[in-house]
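Here's the structure, in structure tokens; my notes come after.
Rule-based calculations on the coordinates, nothing more; no lab input. Just so we're clear, the structure is a prediction, and the values are computed from it rather than from any experiment. Cβ sites come from the backbone with ideal geometry, for glycine too, and all protein chains shown count toward neighbours.
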Amino acid sequence: MALARASSGLAYPGRFYAAASYVGLDGSDSSAKQVSSKFSNDTALLLYALYQQATVGPCSVPKPSTWNPVEQSKWKSWQGLGTMSSIEAMRLFVKILEEEDPGWYSRASNSVMEPALDYQINQNTKDEPVVENETSCVETKTISTENGPLAETQDKDVVSEHPNTVPVYDQWTAPQTSGQRPKARYEHGAAVIQDKMYIYGGNHNGRYLSDLHALDLKNWTWSRVETKVATEPLESSSPATLTPCAGHSLISWDSKLLSIGGHTKDPSESIQVKVFDPETSTWSTLKTYGKPPISRGGQSVTLVGKSLVIFGGQEAKRSLLNDLHILDLETMTWDEIDAVGVPPSPRSDHVAAVHAERYLLIFGGGSHATCFNDLHVLDLQTMEWSRPSQQGETPTPRAGHAGVTIGESWFIVGGGDNKSGVSDTVVLNMSTLAWSTVTSVQGRVPLASEGLSLVVSSYNGEDVLVAFGGYNGRYNNEVNVLKPSHKSTLQSKSMEAPVRDSVSAVHNGTTRDIESEIEASQEGRVREIVMDNVNHGSKVQANNGDTLETLKTEKEELEASLNKEKLQSLQLKQELAEAESRNTDLYKELQSVRGQLAAEQSRCFKLEVEVAELRQKLQTMETLQKELEIMQRQKAASEQAAAINARRQSSGGVWGWLSGGPQEMVDSP
């Protein structure tokens with residue numbers, strides 16, 4: 001599919017402007033009169049709307065008067081395209097023209113093609129600044145696929161193409177970047193904040209890194225972020241020790257970066273959560289409560305609502321883990337979860353994703369000698385593990401891969417199996433648990449690496465995957481971009497259906513194959529909207545009276561719908577106010593409990609001091625008691641000796657004999 005799209009040229013503006021000139025919409029005449037002379041009224045209005053969307057953008061002009069039915073039909077056709085990107089409008093314009101007039105390109109004369117190309121050059125260069133050291137004829141670097149290497153992307157209709165346009169779907173390309181690229185690395189962390197991809201830490205030649213870099217995803221410019229460490233503790237954080245690390249997790253939260261865990265040279269006993277504030281360029285350490293997990297690296301960290309779910313990893317003594325912990329980011333409290341069911345075996349370097357804010361999915365990873373390709377699901381409401389059945393071709397075992405989600409699609413890139421790097425990019429539909437392959441690369445390229453990073457960002461109104469770094473025999477620091485065509489067509493309510501229901505449907509043989517619907521959904525939905533508006537415009541031209549009645553009916557329906565939406569909005573505001581009130585009460589209660597705990601801790605400390613003082617006094621009293629006993633014995637001995645001496649002095653002579661005293665025996669000479 002990627003090859004077909006690349007060869008068709010539908011993604012290139014050059015073919016669009018040639019087509020617009022061919023049908024009469026070349027920038028000089030936007031009345032659609034020339035278009036109407038070549039096509040039916042419905043097709044002409046559709047082409048006009050797509051042309052306006054591609055060259056002007058979403059409709060922002062006021063609605064024409066009802067007395068001008070032609071202009072109103074054109075306005076409604078344009079308005080029906082919503083916020084469709086200009087590139088997509090160009091692609092649909094050429095596609096519809098080729099369906100209606102397959103031989104248009106061969107019949108277009110040079111007099112038509114050359115002004116179209118000149119107009120395209122003016123459009124491309126009108127609003128773009130001149131960049132030094134950058135050629136005007138761009139050569140887009142592509143990655144070879146499983147069907148053979150692609151030719152260099154250089155369509156004959158393209159005269160001036162922006163160097164970082166992502167021209168085709170489901171194909172990795174390497175954009176041109178400027179600025180100082182970060183040092184090559186793997187096992188680093190990556191996250192996106194406001195159109196900037198931040199790269200932090202990692203491993204290079206066995207050395208842990210602590211540098212922070214940012215890639216501006218609008219102009220693809222690298223810059224190194226000079227950081228500092230907080231010196232004064234805050235209420236929610238304390239001064240950080242910026243230790244080089246690898247195998248950590250980098251999460252974007254509240255316009256800040258959270259770095260969780262990671263391998264370090266001198267690991268701490270428990271896992272650390274560091275926070276980086278881009279506004280102040282300052283690192284600090286979050287103050288957490290409860291019992292934190294032991295320090296580790298290679299774990300998965302998933303943001304679920306306002307909580308971080310941490311699973312597995314490898315601790316400092318190289319023991320593999322499969323424990324589960326949750327950090328509440330509102331109360332900053334750790335909670336160790338004892339889930340039921342059979343958990344995944346101990347592992348590290350796996351990936352995790354959340355579906356419908358309820359189901360945690362774990363895929364792959366490795367032990368010391370084995371790589372896995374199993375899929376496990378944790379119901380975060382019942383805290384129960386399960387291992388559901390999967391559809392499609394299950395990916396090969398891998399560890400050190402990276403994954404991101406777009407809607408219901410979970411994209412997984414890279415990794416290794418202890419033998420070689422994994423070359424395929426796969427996607428899992430998290431509702432149907434169906435696997436499919438997006439594309440595959442050949443050779444020892446950075447995308448077939450372990451420890452690479454993958455983020456999702458918006459470029460020209462479309463979601464793109466951005467990969468960086470990795471190790472596949474050498475350390476990499478290249479950037480690769482892919483624009484996926486797999487997009488969920490289901491509404492948010494459908495995501496509430498549990499994964500287990502999808503698994504049950506698979507067992508019953510009722511799972512639908514929706515890949516074709518996904519690929520055709522955008523075109524079909526756009527055309528249906530526009531054609532409905534076109535048909536309505538034809539009726540306006542036929543009967544102005546019916547138009548007024550229809551407009552009145554639509555107005556009444558819109559007013560009724562608006563009133564209903566207002567009522568729902570009021571109810572939601574009331575529920576939000578109640579929730580905020582409960583949250584405020586809970587926060588006050590939490591603060592009160594914390595105050596009581598602090599008071600009890602202070603009282604406990606005072607009691608411990610008093611106990612220590614009493615023990616010291618008791619020891620002093622025991623010493624005095626011993627000294628008193630010794631003195632009493634000495635006194636008794638002295639009194640006894642004095643009594644004996646007194647008796648000796650008073651004994652002998654007549655007075656002694658008369659008093660009955662003892663006679664001393666005197667030896668005669």
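Before moving on, here are some points about what is shown:
- Estimated FRET transfer efficiency (Arg387, Arg207; beta-carbon r; R0 35 Å; 0.05): 0.35
- Scaled to the globular estimate 2.2 N^0.38 Å, the Cα spread of the range 573-622, given as radius of gyration, is 2.20.
- In units of the rule-of-thumb radius 2.2 N^0.38 Å, the range 220-322 shows an alpha carbon radius of gyration of 1.09.
- Ranked packing of 353-360, 610-617, most packed first, by mean Cβ within 10 Å: 353-360, 610-617
- Between Lys606 and Ala636, the contour length at 0.36 nm per residue exceeds the Cα-Cα span by 6.3 nm.
- Here the label points at Val61 and Tyr587, each 7 Å from Cα along the C-beta direction, are separated by 4.9 nm in the simple model.
- Packing-based ranking, highest mean first, of 44-56, 280-292, 175-187 given that Cβ atoms within 10 Å are counted: 44-56, 175-187, 280-292
- Projected area, mean over directions - the range 173-507, Cα convex hull, nm²: 16.4
- Summing charges over all other residues whose Cβ lies under 9 Å from the Cβ of Ile362, with Lys and Arg as +1 and Asp and Glu as -1, gives 0.
- Based on the reciprocal of the average 1/r between different C-alpha atoms, the Kirkwood radius for the range 542-615 equals 18.2 Å.
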